[in-house]
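Visitor: After the structure tokens below, expect a handful of questions from me.
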Amino acid sequence: MHLVVEVMTCLHTYLTKVLIGLLLLPMMVACATVPPKEQGNICRIFDQYPKWFDYAQDSQKEWGTPKHILMAFVKQESSFRSHAKPPFKWFLFVPIGRGSSAKGYAQAQNPVWSEYESERGALFRNRTDMEDALDFIGWYNHRTHTRLGISKWNAKELYLAYHEGHGGYKRGNQHKKPGLLSVSDKVARVAAKFATQLPACEQRLRCRSWYKVWPLCQ
């Protein structure tokens, strides 16, 4: 009898957790930011999410990577999906886990994200937050520049180092991956396109708030 009571108690606890999860799921989905409607135009992206411009501006000031490169990275890594993750790997019909621990806008993996949190502070940091994602990319590219000497304006090489890691880039792993080289060219093209579009809206976005008067919005 005692065993039956324990089993029923465990079952009740499990079902309660499942029910709570199902009830919270719509709220979690609602809280996720919908990707921009027009991802090929940086002004349209920033017009839809003006705070993203502020976050990119802050990251650029802090770390030196230009806004158009930061946003090109996010477009490539997650297509601006806040909760993006690598797809599951399968064995026959059985899922055996995801390809990596990458998560969020910047697809930062657990080890390097832990390094970032150790340096920048872990409180309220989240890979699904665009502010933190853009700061992370800027931080990582600053380390790339310091360790490898790559210019912070070189989108192609920055992306290769971002994808392969600093050790992998030094070993030349990227040259053995034609697909990756093609993707890095794509990132560079998107960054160049964003760079030509940005002047059409940058001043307006920088000065959009009533308190941002000259010289604060220069």
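Visitor: Criterion first (modelled with pLDDT under 95 and either over 19 Å from Ala191 (Cα atoms) or assigned by TED's automatic domain parsing to the domain that holds Leu158 (or both)) does Lys61 satisfy it?
Guide: The answer is no for Lys61.
Let's see how each residue does on (1) at pLDDT 95 or above; (2) under 31 Å from the mean Cα position of the chain (by Cα):
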residue: Glu6; (1), (2): no, no
residue: Tyr14; (1), (2): no, no
residue: Leu22; (1), (2): no, yes
residue: Cys31; (1), (2): no, yes
residue: Gln39; (1), (2): yes, yes
residue: Tyr49; (1), (2): yes, yes
residue: Trp52; (1), (2): yes, yes
residue: Tyr55; (1), (2): yes, yes
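Visitor: Cβ contacts < 7 Å: first residue farther than 18 Å from Gly168 by Cβ, restricted to segment 136-149; second residue of a type in the set (S, T, N, Q) and buried (at least 20 other Cβ atoms within 10 Å of the Cβ), any location; separation 6+ or different chain. Result?
Guide: Listed pairs, sorted by first residue: Gly138/Ser59; Gly138/Thr65.
Visitor: Taking the criterion of being under 21 Å from Trp63 (Cβ atoms) and at pLDDT below 95, would at least one residue in segment 87-102 satisfy it?
Guide: Of the residues in segment 87-102, the ones under 21 Å from Trp63 (Cβ atoms) are 102.
Next, only the ones that are at pLDDT below 95 stay: 102.
Checked against the condition, which is being under 21 Å from Trp63 (Cβ atoms) and at pLDDT below 95, segment 87-102 yields at least one hit.
Visitor: Taking segment 154-175, which residues are more than 16 Å from Ala188 (Cβ to Cβ) and touching a Ser or Thr at 6+ places or on another chain (Cβ under 9 Å)?
Guide: His166
Visitor: Would you mention how many residues in segment 117-140 are within 14 Å of Ser59 (Cβ to Cβ) and under 13 Å from the mean Cα position of the chain (by Cα)?
Guide: Taking segment 117-140 as the starting set, the residues that turn out to be within 14 Å of Ser59 (Cβ to Cβ) are 120, 125, 129-140.
This time we only want the ones that are under 13 Å from the mean Cα position of the chain (by Cα), so: 125, 129-140.
Of the residues in segment 117-140, 13 are within 14 Å of Ser59 (Cβ to Cβ) and under 13 Å from the mean Cα position of the chain (by Cα).
The values are calculated or read from the model by the stated rules, or taken from the named source; none is laboratory data. Bear in mind that the values here come from a model prediction, so they are computed numbers and not experimental data. All Cβ positions, glycine included, derive from the backbone under ideal geometry; neighbour counts span all protein chains shown.
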